[in-house]
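Following: one structure in structure tokens, then a few remarks.
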Amino acid sequence: MVQSSGYTTVDGEFDPIEERSFYTIDDFKINGKTIILRVDINSSINPNNGEILDDTRIRRHSATVKELSQKKSKVVILAHQSRPGKLDCVSLNEHSKRMSNIIGKNIKFIPDIYGEAVQASIKSMSNGDIIMLENVRFDNEEIELNKFENDNFKAQANAKMITTLSPLADLFVNDAFAAAHRCQPSLVGFSEIIPAVAGRVMQRELDFLGKAISSGPNPRVALLGGSKAADSVSISEYFLKKGVDYVLTGGVVANIFLLAAGIDIGGPSSTFIENNIKNHSEVVNKAKELITNYKDKILYPTDVAINQNGKRIGIPVENLPSKYPIHDIGLDTLVNYINLIKSAGTIIANGPMGVFENQEFAIGTKEIFESISKSNGMTVVGGGETAMAFNQMGFSKSIEHISTGGGACIAFMADETMPALEAMRRSKIKFE
């Protein structure tokens, strides 16, 4: 094993192997080795003609593929696209063509996952060759064996895909952070049989997200918004326990904390929470507990913008309840949040401040996101709708790290068990 990395971490330092719970590419000599590389290139697809509408993830993972090929390993790519029953659950043929164009090297596509054609192709590969196999979600076991049960991955390791492909490989590189909260064979099964290591996308995600939460420059500020309020309350608790200085809330998350603070937000906004947030009473009670324990660290709006028949009307929270729904943070809250962002050493953003899809109520999100993009601090943005909003508003290029994961990013920030990460940790112990 070797430890010579050209990879630059968020703080300019590469954690030594003794301090990491998982292996990376740099811990192995890979010249001439056969590598099974799991990526997440799940992309927006036009169901009418199969056209790839957004190749962001393909581009992110292309760097890992190119590096492995240039280091003379034989690269066997596994990936998924959507799930059975959906119109965009299609072959990965076009994905392989797009990635080939991006890296400037031919990627051979094989319309099979582990059959004889695949086995023969892997055995005949030369150093630097790249092949991409078919959509792993065309395989029934990949769909059915999806539970982390009995504290082990034995069921996944016994899947036909794993038992067939693992004897043909030397190393499993997991680069699919966006799927790391899943427990399917292609994500956790190989780690039981061959060493599992983090690819560059996975490594960057763990590095930036982990250090932004626990050891980024002070003060550390988190902005949590959007509609996934239950997740965000859990994330708030984890962040505050890890020493994040301020949690700023917007969207439905802010409404939860307003309710927890004893403020009647009105029928429409309360009804939305009741209808869309599972176990909403428990979520509000958890928010009350956090306000009690971290009173000065959790900020919720002092004023809001309501949607009065399509018009933006700003009102202080003292004037609530309203018969109109809350659709954005108010201007005083906006100014307060921006001042905290300007002085922050680390900023973590996940979720918009309001209904940003409607221009009338995009002010809070746009101004906050623009302020983050201008920050001199370390900036980390969650995936999903947050990443989409930063892209749409033209601020993404100024952000240090935008996560590839939606659900995975939320799971990581809430400190939930993520099967793919657990599999890598166990693999390091097993093959140490």
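Rounded to whole Å and sorted largest first, what semi-axes of the equivalent ellipsoid does the C-alpha gyration tensor of the chain yield via the square root of 5 times each eigenvalue? Write out the running numbers ahead of the final one.
On the way: eigenvalues 343, 100, 81 Å².
Three semi-axes, in Å: 41, 22, 20.
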Inset, instruction - Note down the relative contact order for region 218-376 as a percent, whole number, built from C-alpha pairs under 8 angstrom at least six residues apart. - result: 29 percent
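Once you list every other residue whose beta carbon is under 14 Å from the beta carbon of Glu282, what net charge do they have if Lys and Arg are +1 and Asp and Glu are -1? Intermediate results must be reported in sequence, preceding the final value.
Working: positive: Lys278, Lys286, Lys288; negative: Asp231, Glu237, Glu274, Glu289.
Spelling it out: positives minus negatives among the neighbours equals -1.
What is the chain's relative contact order, in percent, from Cα pairs under 8 angstrom and six or more apart in sequence? Please report the intermediate quantities before stating the final value.
Numbers: 888 pairs, mean separation 66.2, N = 432.
For the chain, the relative contact order is 15 percent.
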Inset, instruction - Return one number: the angle in degrees, 0 to 90 and rounded to the nearest 10, between the long axis of the Cα atoms of helix 93-103 and the longest principal axis of the Cα atoms of the chain. - result: 90 degrees
Inset, instruction - Enter the angle in degrees (range 0 to 90, nearest 10) between the Cα long axis of helix 229-241 and the first principal axis of the Cα atoms of the chain, meaning the one along which they spread out most. - result: 90 degrees
Legend entry - Cα long-axis angle, helix 363-373 against the chain (0 to 90 degrees, to the nearest 10): 50 degrees
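Note the full-extension length gain between Asn150 and Glu360 as 0.36 nm times their separation in residues minus their Cα-Cα distance, in nm to one decimal.
On the way: separation 210, 0.36 × 210 = 75.60 nm, distance 5.04 nm.
70.6 nm is the gain from fully extending Asn150 to Glu360.
Just want the ordering: Arg220, Arg83, Arg182, Arg426, from fewest to most Cβ atoms lying within 10 Å of their own Cβ.
On the way: Arg220 24, Arg83 13, Arg182 21, Arg426 18.
Listed from fewest to most nearby Cβ atoms, that is Arg83, Arg426, Arg182, Arg220.
Can you tell me which of 74-80, 89-95, 233-239 comes out highest on packing, and rank the rest after it, using the mean Cβ neighbours within 10 Å? List each step's numbers first, then the result.
Working: 74-80: 26.0, 89-95: 19.1, 233-239: 23.6.
Per-residue Cβ counts within 10 Å, averaged per peptide and sorted highest first, yield 74-80, 233-239, 89-95.
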Legend entry - Debye log10 I(q)/I(0) for region 26-168, one point scatterer per Cα, at q = 0.11, 0.22 Å⁻¹: -0.42, -1.43
Legend entry - Size of charge dipole - region 168-317 - debye, nearest 20, with Cβ of Lys, Arg +1 and Asp, Glu -1, no other charges: 300 debye
Inset, instruction - Take the alpha carbon atoms of region 49-125, find their center, do the same for region 324-386, and report the distance between the two centers in whole angstrom. - result: 36 Å
Inset, instruction - Go through Lys72/Lys97; Lys74/Lys108; Lys86/Lys366; Lys33/Lys147 and tell me which ones have a Cα-Cα distance over 23 Å in this structure. - result: Lys86/Lys366; Lys33/Lys147
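For the pair Thr164 and Ala261, what calculated FRET efficiency results from E = 1/(1 + (r/R0)^6), where r is the Cβ-Cβ distance and R0 = 56 Å, to the nearest 0.05?
Numbers: r = 57 Å, r/R0 = 1.01.
Once rounded, the FRET efficiency stands at 0.50.
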Legend entry - Euclidean distance between Cα centres, region 183-198 to region 278-318, Å: 42 Å
Legend entry - Set of aspartates and glutamates with alpha-carbon distance to Lys228 below 17 Å, sequence-local pairs under 8 removed: Glu237, Glu274, Glu282, Asp328, Glu357, Glu385, Asp415, Glu416
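Taking neighbour counts of Cβ atoms within 10 Å as a proxy for exposure, in what order, fewest first, do His280, His181, His327 appear?
Numbers: His280 18, His181 21, His327 24.
Taking fewest neighbouring Cβ atoms as first place, the list is His280, His181, His327.
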Legend entry - Prolate/oblate/rounded call for region 218-376, Cα gyration tensor, a/c under 1.5 rounded: oblate
Legend entry - Among Ser214, Ser96, Phe190 the positive-end extreme of the charge dipole of the chain (Cβ point charges): Ser96
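Taken together, the values in this text are just the output of simple stated rules run on the coordinates, not laboratory data. Since the structure is predicted, the reported quantities are computational estimates derived from the model, not experimental observations. We place every Cβ from the backbone using ideal geometry, glycine too, and count neighbours over all the protein chains shown.
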